[in-house]
Structures are given as C-alpha cells and as structure tokens.
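Read through the structure below, which is laid out as structure tokens, and then see the notes.
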Amino acid sequence: MAADLDWAAMRELARGGAGYLAWERKIGGAWEIWTKSLDGEGRERRLVPPEEGRDHFCPKISPDGKRIAYM
C-alpha cells in the first residue's frame, strides 16, 4: 500500500535525476504496463489502454527516456 512507503527514502532515490519507472502488473488475469515518476509526485498510471484478449508486459525504456517498447 502507498501509505506504507518510506517517502523520505523515495525522495532520496529520486535525487539521481528526473525520469520514471515502468513495470508490469497482472490485474484481473491480464498483464498491464504502469508508470510512475521517480520524484514520487503524481499517481501511478496505466500506460497502455486495455485490449481485449491481449497482455502487455516486458516494458523497456529507451535510452533517451522518451519511449517504451513492450510485448
């Protein structure tokens, strides 16, 4: 749960630079790709809209941080 996060530690990690995390999460039997800013601000958000019968997983961030490739 978000309330259990150590926000001071999260902000210390964010000092490494601007950017975001991308990960996969299985919800309701389907894999989805989610993102969140490294600065700890804002909410998690699903990156790829749902597609009936398709999973989204294995996100890889491009070196410049502008794109995400996924399967």
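How many of the residues in segment 62-71 are surrounded by fewer than 11 Cβ atoms within 10 Å (Cβ to Cβ) and under 13 Å from residue 24 (Cα atoms)?
Within segment 62-71, the subset surrounded by fewer than 11 Cβ atoms within 10 Å (Cβ to Cβ) is 62-64, 66-67, 69.
Next, from what is left, pick out any that are under 13 Å from residue 24 (Cα atoms): 69.
Number satisfying all stated conditions: 1.
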Among the numbered criteria (1) surrounded by 11 or more Cβ atoms within 10 Å (Cβ to Cβ); (2) over 27 Å from residue 9 (Cα atoms), which single criterion is violated by residue 59?
(2)
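Given 24, 52, which one is closer than 16 Å to residue 68 by Cα and at pLDDT 80 or above? Break it down into steps so the answer makes sense when it comes.
Details: 52 fails: closer than 16 Å to residue 68 by Cα.
When all the criteria are applied, what remains is 24.
The values are calculated or read from the model by the stated rules, or taken from the named source; none is laboratory data. As the structure is a computational prediction, the values presented were derived from the model and not from experiment. No Cβ is skipped: glycine too gets one built from the backbone with ideal geometry, and neighbour counts run over all protein chains shown.
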